[in-house]
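Asker: Please read through the structure below; I'll follow up with questions.
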Amino acid sequence: MRMSVEINGRDYEGDVEPRTLLSDFIRHGAGLTGTKVGCEQGVCGACTVQLDGEPVRSCLMLAVQANGRALRTVEGLSGDGALHPLQRAFHEAHALQCGFCTAGFLMSMEAFLRQHPDAGEEELREALAGNLCRCTGYLGIIEAVEDAARELRGADRPA
Amino acid sequence: MAGASGRGLVKPAPFAYQAPATVDEALRLLGADSAVLAGGQSLVPLLNLRLARPERVVDINGIGELDYISADDGPLRIGAMTRQVALERSELVHRRWPLLHKAVRFVGHAQIRSRGTVGGSVAHADPAAELPAALTALDARFHLRSSGGARTVGPSEFFLGPLYTAREPDELLVEIEVPEQPEGSRSGFAEHARTHGDFATAGAAAVVAPGRVGIALLGAGPVPARAAAAERALAGGAEPREAAALAARDIEDEHRRALLTELARRAIEEAMA
């Protein structure tokens, strides 16, 4: 089937079988390999991208279902080359080790902080439950998201 | 961009894909060889693992007429394609059917609720799912349509076993109707899962109002079931602790019985607080 999707502001077109998963289209069709594929059954969160601003598991959507929609992947976080505050905080707080889960965490948390800029630690821990990390442990990740939340809140305040 | 094919990289077995724009069109496509694709949060994992191999996938995501939450004529009416996140964010639901607001927050994670649908959760009929249990406590009605007609069934007729419902292959669940709750109605929901958002081990939903008590358990048996003995006891003035023990008394496994007794107590106490 012919499909067309906007990813990070750029249009991608392709011919896909209906059974092609969105995660596979993003990586192999569009060549955007920042999105990682882990369990392919919706549990691990590594493949999380944003569909029209909402976080979704790209392994649980067919590519054709994104036809005509707008996606954002981890490549779209650092618009002009500068790291997004979340990415910078992950770097500084040692919130990643192998990095396989990181894109999914970033895309989940970017949406979460946009929707809940004043979230407390408990809410944050609950929001993080949808992404699994097998090596770093979660303390660095929690610290990074809290740091980024503080920075993003500050940026919103009028000078 | 040319060449964006992802050629050869497929996980599910082949299927014919159809994406109708209306309910009538969808009903013409449904049959024994088809699977309905709503939010896909349960069906797509089954496709990826090839545990489900339908010949035809009928994708109802494009059917706008199935996406609504309204209470214009009294009862709450939820279109089957309503996303769980829409239920979670609905001010109307939060105010007048708070049990649904409480329960939906336990469904998977935000990344699941953004796609998962209310109708999909009901039609999938996982005995450990939150919404079927909450809807059972609330005496919901499920509206089914086929090209031959329409019917409406309650939870006890609809949920027949694990992942098994009264929906025929040519039928589509189109609406979930939840009756108006009596004035002064209160609710509680409690569940246990290994981590938040993980599949629940067990849980309990309770609605308590003057003249009405509804208690339903999840993870207690093959279908979400009403705890009739506990309801009667509570209506007759029993303490939450006594009612909770009655709710779980028929469960054989000792751990599960203890767990459900405690969860039922928490749900009932929350509803009576």
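Since every read-out is calculated from the coordinates, none of them should be taken as a lab result. Model, not experiment: these values are computed from the prediction. Methodologically, a virtual Cβ is constructed for each residue, glycine included, from the backbone with ideal geometry; neighbour enumeration extends over all protein chains shown.
Asker: Only Lys, Arg, Asp and Glu count, each charged at its Cβ (+1, +1, -1, -1), so figure out the dipole size of the protein assembly as shown about its Cα centre, rounded to 20 debye.
Answerer: 500
Asker: So for the protein assembly as shown, Kirkwood radius off the Cα pairs, Stokes-Einstein at 4 °C and 1.567 mPa s: how many µm² s⁻¹? Please report the intermediate quantities before stating the final value.
Answerer: Working: Rh = 22.7 Å.
The diffusion coefficient I find is 57 µm²/s.
Asker: Follow-up. Measure nothing but the geometry: give the 0 to 90° angle between the long axis through the Cα atoms of B:254-272 and the longest principal axis through the Cα atoms of chain B, rounded to 10°.
Answerer: Its long axis makes an angle of about 80 degrees.
Asker: Next question, about the same structure. How large is the charge dipole for region A:85-156, taken about the Cα centre, if only the Cβ atoms of Lys, Arg (+1) and Asp, Glu (-1) carry charge, to the nearest 20 debye?
Answerer: On the way: 6 positive and 12 negative charges, 61 e Å.
So the magnitude is around 300 debye.
Asker: Taking one equal scatterer on every alpha-carbon of chain A, how large is log10 of I(q)/I(0) by Debye at q = 0.09, 0.12, 0.20 1/Å?
Answerer: -0.29, -0.50, -1.25
Asker: Whats the longest run of chain B with zero GluC sites (Glu not before Pro) that are DSSP loop and have at most 14 other Cβ atoms within 10 Å?
Answerer: B:56-179
Asker: A further question follows. Going by C-beta contacts inside 10 Å, put B:PHE15, A:PHE25 in order with the fewest on the left.
Answerer: With the fewest neighbours first, B:PHE15, A:PHE25 line up as B:PHE15, A:PHE25.
Asker: Treating the beta-carbon of each Lys and Arg as +1 and of each Asp and Glu as -1, no other charges, what is the dipole magnitude of region A:1-107 about its Cα centre, to the nearest 20 debye? Before the final figure, lay out the partial values.
Answerer: On the way: 9 positive and 12 negative charges, 37 e Å.
That gives a dipole near 180 debye.
Asker: How tilted is helix A:102-115 with respect to the longest principal axis of chain A? Cα atoms for both, answer in degrees (0 to 90, nearest 10).
Answerer: Roughly 70 degrees, rounded to the nearest 10.
Asker: Based solely on its DSSP helices, what 222 nm [θ] is calculated for the protein assembly as shown when runs of n ≥ 4 H residues each add -39,500 (n - 2.57) and the sum is averaged over all residues, nearest 500 deg cm²/dmol?
Answerer: Values: 16 runs with 139 residues, N = 432.
Result for the protein assembly as shown: -9000 deg cm²/dmol, rounded to the nearest 500.
Asker: When Rg is the radius of gyration of the Cα atoms in region B:137-273 and Rh is its Kirkwood radius, what does Rg/Rh come to?
Answerer: Numbers: Rg = 16.0 Å, Rh = 15.8 Å.
Dividing the radius of gyration by the Kirkwood radius yields 1.01.
Asker: Moving on. What is the order of A:CYS39, A:CYS98, fewest Cβ neighbours within 10 Å to most? Show your work: numbers first, answer last.
Answerer: Numbers: A:CYS39 15, A:CYS98 10.
Fewest to most other Cβ atoms nearby, the residues stand as A:CYS98, A:CYS39.
Asker: Then there's this: For B:TYR68, B:TYR17, which order do you get if you count the other beta carbons within 10 Å of each Cβ and list the fewest first?
Answerer: Details: B:TYR68 14, B:TYR17 17.
Ordered by Cβ neighbours within 10 Å, fewest first: B:TYR68, B:TYR17.
Asker: Return one number: the angle in degrees, 0 to 90 and rounded to the nearest 10, between the long axis of the Cα atoms of helix A:139-156 and the longest principal axis of the Cα atoms of chain A.
Answerer: In chain A, helix A:139-156 runs at an angle near 90 degrees to the longest axis.
Asker: By its C-alpha gyration tensor, with a ≥ b ≥ c as the square roots of the eigenvalues, how is region B:62-188 shaped: rounded for a/c under 1.5, else prolate for a/b larger than b/c, else oblate?
Answerer: Numbers: a/c = 1.36, a/b = 1.28, b/c = 1.07.
Here region B:62-188 falls in the rounded category.
Asker: Could you tell me what fraction of 2.2 N^0.38 Å the Cα radius of gyration of chain B comes to, as a two-decimal ratio?
Answerer: On the way: Rg = 19.2 Å, N = 273, 2.2 N^0.38 = 18.5 Å.
Ratio of Cα Rg to 2.2 N^0.38 Å: 1.04.
Asker: Out of B:LEU173, B:LEU246, B:ALA150, whose Cα points farthest toward the positive end of the dipole of region B:138-273 (charges: +1 Lys, Arg; -1 Asp, Glu; placed on Cβ)?
Answerer: B:LEU246
Asker: Work out Dmax and Rg for region A:2-76 from the C-alpha atoms and quote the Rg first, both in angstrom.
Answerer: 10.8, 30
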